[in-house]
1. Of everything in segment B:86-96, what is closer than 19 Å to A:Leu45 by Cβ and within 9 Å of chain A (Cβ to nearest Cβ)? Give them in sequence order.
2. If the Cβ limit is 6 Å and pairs must be 6+ apart or interchain, which residue in segment B:97-126 that is facing chain A (nearest Cβ under 10 Å) pairs with which residue that is of a type in the set (Phe, Trp, Tyr) and part of a helix (DSSP H, G or I)?
3. Is it the case that segment A:72-88 has a residue that's buried (at least 20 other Cβ atoms within 10 Å of the Cβ) and farther than 26 Å from B:Ile119 by Cβ?
4. So the check is Cβ under 7 Å with 6+ separation or different chains; which pairs have a first residue in segment A:6-28 that's within 14 Å of chain B (Cβ to nearest Cβ) and a second one that's of a type in the set (A, V, I, L, M) and outside any loop (DSSP other than H, G, I, E, B)?
5. Just checking, how many residues over segment B:6-24 are farther than 18 Å from A:Arg8 by Cα and surrounded by 11 or more Cβ atoms within 10 Å (Cβ to Cβ)?
6. Restricting to helices (runs of 4 or more DSSP H) lying wholly in segment B:1-115: which have 3 or more residues that are under 22 Å from the mean Cα position of the chain (by Cα) and within 24 Å of A:Leu96 (Cα to Cα)?
7. Could you tell me which residue of segment A:115-136 is nearest to the other protein chains (Cβ to nearest Cβ), considering only residues that are exposed (fewer than 14 other Cβ atoms within 10 Å of the Cβ) and closer than 19 Å to A:Ile31 by Cα?
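Quick note: the coordinates plus some simple rules give every number you see, no bench work behind them. As the structure is a prediction and not an experimental result, all values here were calculated from the model. Because the Cβ atoms are built from the backbone with ideal geometry, glycine has one as well, and the counts that use them run over all protein chains shown.
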Amino acid sequence: MSESKPMRERPMSPFMIGPYYRPQLTSMLSITHRGTGVALCGGALLFAWWLYALAAGPASYATFETLARSLVGKLVIAGFVFGLVYHMLNGIRHMLWDTGWGLDLKTTYATGYVVMVGSVAITALCLYCAFANGGA
Amino acid sequence: MGMRHPIAEVRGLGSAKEGTGHWIVQRVNSIALLPLTIWFLYSALTVLGQGYADARAFVAQPLNATLLAAFALTTFHHAQLGLQVVIEDYVHLRWLELASQLLVKYVGWFAMLLCLLAIIRITLGG
């Protein structure tokens, strides 16, 4: 690692959120991908907690279940499912871009709307099935 | 400007020449996560609605145990790869950046081990 500093401040383009750019579907979906990604790291820790509680025995699993079935628990699960579905659908969009497909403005917007509507619809379906089964 | 030669000032500030590797690993990882995540979402929402005994039986089933372990490994690796880039982008204080990168790696490894040992313990009926 070098201790040296650049000889002068290099120019940076402004951050996508702020006074410099008008909000656009593309940039909003992009930052949501990051946001859900970071939030899902917390979700992954909850997944680890679930497995730990299950391995530790009935008492610790009962604590987990009580919290998971509370209102806050249900909201966290709903957020977790939405984050997972959104990040997955937009991840597919990213992988299609990696192949060179869909990079023109029209297709980018079209796939963007598919991700937006699709993630809300699939999340609603998942949660409806889960909660209707007396679960989660 | 000091007494040092200009080349000494810029050395170490350029490309680390490993970005492509990170990019490829992230894609290989993501493709694996697609089917694993769909399976996990369906399974988790089903299992969460059942009790302790059913959840234990679900994890103890060999194929489920394998898929859960694969999901845990791939997920925590993915999380580390993603958070690494977010930290590189937004944390510009050098010591804080290094500390965050280390923390992300260690917490990820710890949680990954926690998952794997829990799965093994449940599989062996402990």
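1. B:Val86
2. B:Gly108/B:Phe76; B:Ala111/B:Phe76; B:Met112/B:Phe76; B:Leu114/A:Tyr52; B:Ala118/A:Tyr52
3. Scanning segment A:72-88 turns up at least one residue that is buried (at least 20 other Cβ atoms within 10 Å of the Cβ) and farther than 26 Å from B:Ile119 by Cβ.
4. A:Met16/A:Ile31; A:Ile17/A:Ile31
5. The qualifying residues number 2.
6. By residue number, B:19-48, B:62-90.
7. Out of the qualifying residues, it is A:Val120.
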